[in-house]
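Shown next, in structure tokens, is the structure this report addresses.
The values are calculated or read from the model by the stated rules, or taken from the named source; none is laboratory data. Note that the coordinates shown come from a computational prediction; the quantities given were computed from them, not determined experimentally. For neighbour counting, all protein chains shown are included, and Cβ atoms are generated from backbone atoms with ideal geometry for every residue, glycine included.
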Number of protein chains: 2
Amino acid sequence: MQTVSENKCFGGVQGVYTHASTACSCDMTFGLFLPPQAADGPVPVLWYLSGLTCTHENAMTKAGAQGWAAEAGIALVFPDTSPRGDDVADDEAYDLGKGAGFYVNATEAPWAPHFNMWDYVADDLPAVLAANFPLDMSRQAITGHSMGGHGALTLAMGLPGRFRSVSAFAPIANPTGSDWGRVQLAAYIGDDERTWGAHDASKLMAQHGFDGPVLVDQGTDDQFLNLLRPETLSQAMAAKRQDGTFRMQKGYDHSYYFVSTFMPDHIAFHAEALFA
Amino acid sequence: MQTVSENKCFGGVQGVYTHASTACSCDMTFGLFLPPQAADGPVPVLWYLSGLTCTHENAMTKAGAQGWAAEAGIALVFPDTSPRGDDVADDEAYDLGKGAGFYVNATEAPWAPHFNMWDYVADDLPAVLAANFPLDMSRQAITGHSMGGHGALTLAMGLPGRFRSVSAFAPIANPTGSDWGRVQLAAYIGDDERTWGAHDASKLMAQHGFDGPVLVDQGTDDQFLNLLRPETLSQAMAAKRQDGTFRMQKGYDHSYYFVSTFMPDHIAFHAEALFA
């Protein structure tokens, strides 16, 4: 692991690091915010998964999360959204290939050699974090925006016991019913739709639910509502009697102005679960 | 004036607008955050002037100011840092020409036709703001970062009675003694150093001071300390018996991680003056 940069921020350190990823077979870059409390011992971890076209950097610079995490004493992890490098397959579309890993393990050509973002977030990066930083990996939570909200919800429900709480900002909530999902799931994991359910938050919610609290925020003026399909997830949460809150936020769109507005609530929500 | 974008943010609106600038003889873009309180009547205004290479956008997306401004009920104005457009003179250096207006009115070729950022911030943009938004222009304050901190301090001291309070993050504090200043002042307003003092915060502080409270934050690990020369300003503030606070912040650098960390303090500082 190599240090790219470290900047003091709200009494802690916002770092950027690279490492050779086993899961993705390439070098990967991630951001990690360590709050001031990490100087005294291991702190809990909140994962933030980003959306289409993003890197590790977007939320680090625009989500305004560090101040609240410093107050709560929680570390923030900002992974990249896909494998990177010249020998990694790509597509001209902004929503397939680089910047659009969709948090799945690809089985299809040309994606399979590198596009294993599920394993990267589930196993590969956690091992790097545990080995190098004062983090309490027994206390983890996860959130994300858009495609990252999809990743947060599917990883949380797909890895029971791993995360104490899950939240999402405008998640891709029902990718098996959306062009933000059907195209990519077919490309990455193949045409057999029976395999897609493990990567659909609404289906996972209907089937398994989540063993902990759930918080979802969605703007009513989001320009991508037809692709996100929030109503399928809110229906599934209520039908499953899931411990959770689904908020439609009047007038907000899909931008980081929306994310930063509700970030304080999400950090407080996860802090309650992480320090329970 | 034309609207480029408006995003709901912390209950208010983060807008971006363009207008034909008289001072700069070109179209100019600015950001304006209106807090939720603006729906009920005019709100006070805090100007944020940005640094070298920045546009109106940097602080809007990275400084994390809107949440605190929404809580306080203060509007935020984010001007650009120079004139723009194909017919505007430029230089290969990052610290001269576009993105580096230094908040002066240029008298020298090739800069004089467009580089009038002093008049732009002092007269031109205020008129646009007053005509188009619910702002109480009798209650203004000003802050900025690096070159923008220089602009905030020099405009506040150069326009007595205009601003109720002034603050700065890592300002270029003594440009007449620095390569961040001597080069640009010579280029923009000519070789006669006697004219430079009106654009040097330390000299203005020593001579006039500011009729209101001053707050300056400076990181001890700033990579540009030799160019910023904070010690000249801190000396001048103490010697002038200026109502003010100068803080050296241990371990912080020149980045927006530093700015965002102390933004809550600066907004609270200005709110106290604006609502006194």
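Name the residue, out of A:Arg182, A:Arg229, that is under 20 Å from the mean Cα position of the chain (by Cα), free of Cβ contacts under 8 Å to residues at least 24 places away in the same chain and more than 14 Å from every other protein chain (Cβ to nearest Cβ).
From the options A:Arg182, A:Arg229, the qualifying one is A:Arg182.
Right, B:Thr53: more than 22 Å from A:Thr261 (Cα to Cα), in contact with a Phe, Trp or Tyr (Cβ under 6 Å, 6 or more places away or on another chain), in contact (Cβ under 8 Å) with a residue 12 or more places away in the chain and among the polar types (S, T, N, Q) or not?
When the stated conditions are applied, B:Thr53 passes them.
With respect to A:Ala187, is the statement that it is at pLDDT below 95 and more than 14 Å from chain B (Cβ to nearest Cβ) true?
The answer is no for A:Ala187.
So if I check each of A:Gly148, A:Gly158, which one is of a type outside the set (A, V, I, L, M, F, W, C), over 12 Å from A:Leu233 (Cα atoms) and surrounded by fewer than 24 Cβ atoms within 10 Å (Cβ to Cβ)?
Selected residue: A:Gly158, the only one of A:Gly148, A:Gly158 that is of a type outside the set (A, V, I, L, M, F, W, C), over 12 Å from A:Leu233 (Cα atoms) and surrounded by fewer than 24 Cβ atoms within 10 Å (Cβ to Cβ).
Could you check, for segment B:243-256, whether at least one of its residues is assigned to a helix (DSSP H, G or I) and within 10 Å of chain A (Cβ to nearest Cβ)?
Looking for residues that are assigned to a helix (DSSP H, G or I) and within 10 Å of chain A (Cβ to nearest Cβ), one finds at least one in segment B:243-256, hence yes.
If you check every pair at least six apart or on different chains, which have Cβ atoms under 9 Å apart with a residue in segment A:2-28 that is more than 11 Å from every other protein chain (Cβ to nearest Cβ) first and a residue that is basic (Lys, Arg) second?
A:Cys24/A:Arg84; A:Cys26/A:Arg84; A:Asp27/A:Arg84; A:Met28/A:Arg84
Looking at segment B:201-223 only, could you name the residues that are within 14 Å of chain A (Cβ to nearest Cβ) and touching a residue at least 40 places away in the same chain (Cβ under 8 Å)?
Within segment B:201-223, B:Asp217, B:Gln218, B:Gly219, B:Asp222 qualify.
Kindly establish whether A:Asp265 is modelled with pLDDT of 95 or more and not in a helix (DSSP H, G or I).
Spelling it out, it is not the case that A:Asp265 is modelled with pLDDT of 95 or more and not in a helix (DSSP H, G or I).
Suppose the filter is in a strand (DSSP E or B), surrounded by 21 or more Cβ atoms within 10 Å (Cβ to Cβ), touching a His at 6+ places or on another chain (Cβ under 7 Å) and of a type in the set (A, V, I, L, M, F, W, C); does A:Ala168 pass it? Lay out the reasoning, then the answer.
Values: in a strand (DSSP E or B): yes; surrounded by 21 or more Cβ atoms within 10 Å (Cβ to Cβ): yes; touching a His at 6+ places or on another chain (Cβ under 7 Å): no; of a type in the set (A, V, I, L, M, F, W, C): yes.
In short, no.
Of the conditions (1) surrounded by fewer than 24 Cβ atoms within 10 Å (Cβ to Cβ); (2) in contact with a Phe, Trp or Tyr (Cβ under 9 Å, 6 or more places away or on another chain); (3) more than 14 Å from chain B (Cβ to nearest Cβ), A:Asp136 clears all except one; give me its number.
(2)
Scanning for something free of Cβ contacts under 8 Å to residues at least 24 places away in the same chain and surrounded by 15 or more Cβ atoms within 10 Å (Cβ to Cβ), does segment A:247-258 turn up at least one residue?
yes
Name the strands (runs of 3 or more DSSP E) wholly within segment A:1-110 that hold at least 1 residues that are surrounded by fewer than 21 Cβ atoms within 10 Å (Cβ to Cβ)?
Passing ranges, in order: A:2-9, A:12-21, A:26-34.
How many residues does segment B:112-165 contain that are closer than 21 Å to B:Leu227 by Cβ, within 14 Å of the chain's Cα centre (by Cα) and outside any helix (DSSP H, G or I)?
4
Which ones in segment B:212-223 are more than 18 Å from the chain's Cα centre (by Cα) and either surrounded by fewer than 19 Cβ atoms within 10 Å (Cβ to Cβ) or closer than 15 Å to B:Ser165 by Cβ (or both)?
B:Thr220, B:Asp221, B:Gln223
Which count do you get for residues in segment A:29-76 that are farther than 16 Å from A:Ala168 by Cβ and away from chain B (no Cβ under 14 Å)?
Qualifying residue count, segment A:29-76: 17.
In this structure, is B:Ala276 aliphatic (A, V, I, L, M), away from chain A (no Cβ under 14 Å) and not in a helix (DSSP H, G or I)?
On the way: aliphatic (A, V, I, L, M): yes; away from chain A (no Cβ under 14 Å): yes; not in a helix (DSSP H, G or I): yes.
The answer is yes for B:Ala276.
Return the residues of segment A:158-211 that are farther than 27 Å from A:Ser138 by Cα, of a type in the set (S, T, N, Q) and out of contact with any helix residue (DSSP H, G or I) (no Cβ under 7 Å at 6 or more places or on another chain); say none if nothing qualifies.
Within segment A:158-211, A:Gln184 is the sole residue that qualifies.
Among the listed residues A:Ala59, A:Ala39, which satisfies the condition of being modelled with pLDDT of 95 or more, more than 13 Å from the chain's Cα centre (by Cα) and hydrophobic (A, V, I, L, M, F, W, C)?
The conditions single out A:Ala39.
How about segment A:1-47: which of its residues are under 18 Å from A:Leu274 (Cα atoms), of a type outside the set (Gly, Ala, Ser) and in contact with a Pro (Cβ under 8 Å, 6 or more places away or on another chain)?
Within segment A:1-47, A:Leu34, A:Pro42, A:Val43, A:Trp47 qualify.
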